[in-house]
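Taken together, the values in this text are just the output of simple stated rules run on the coordinates, not laboratory data. Please read all numbers here as calculations on a predicted model, not as lab measurements.
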Amino acid sequence: MLTKDIEKLIEGQPYILFLGRLSWKKGLDQLLNAFALTSHAKLVIAGTDDEGPCSETGQMVHDLKIGDRVHFIPRTLLGADKEHLFAAAQMLYCHLILRILEIRFLRPCGEVCR
């Protein structure tokens, strides 16, 4: 059974999903800066705040003037909530994949081009 906040989020406008531990190591600042360049969709940031970046993230969202399109779910998601949030997302942000691409492909390409 879905919780009401998840049910409300998956209705309507498409969204990009960040799901995981909230940490600056995960590239939240990069995600927020890139998202600020868009004018459509919403961003759902879901996960636990182990390192305390939520207040800084909230300030960054405010400064970038994207607060009306960014939604926080500050908890671990399990079961139906997690499954439906994944299934309804238009895009999934995964910092690990971006780091692998950078390390394996972009850096060597840059070195070869010098």
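Starting from 0.36 nm per residue, how many nanometres of slack lie between T38 and C94 once their C-alpha separation is accounted for? Kindly include the intermediate steps, with their values, before the conclusion.
Working: separation 56, 0.36 × 56 = 20.16 nm, distance 1.80 nm.
Contour length minus Cα-Cα distance gives 18.4 nm.
Alpha-carbon geometry of the range 1-63: the Rg and the Dmax are 12.4, 36 Å, given in that order.
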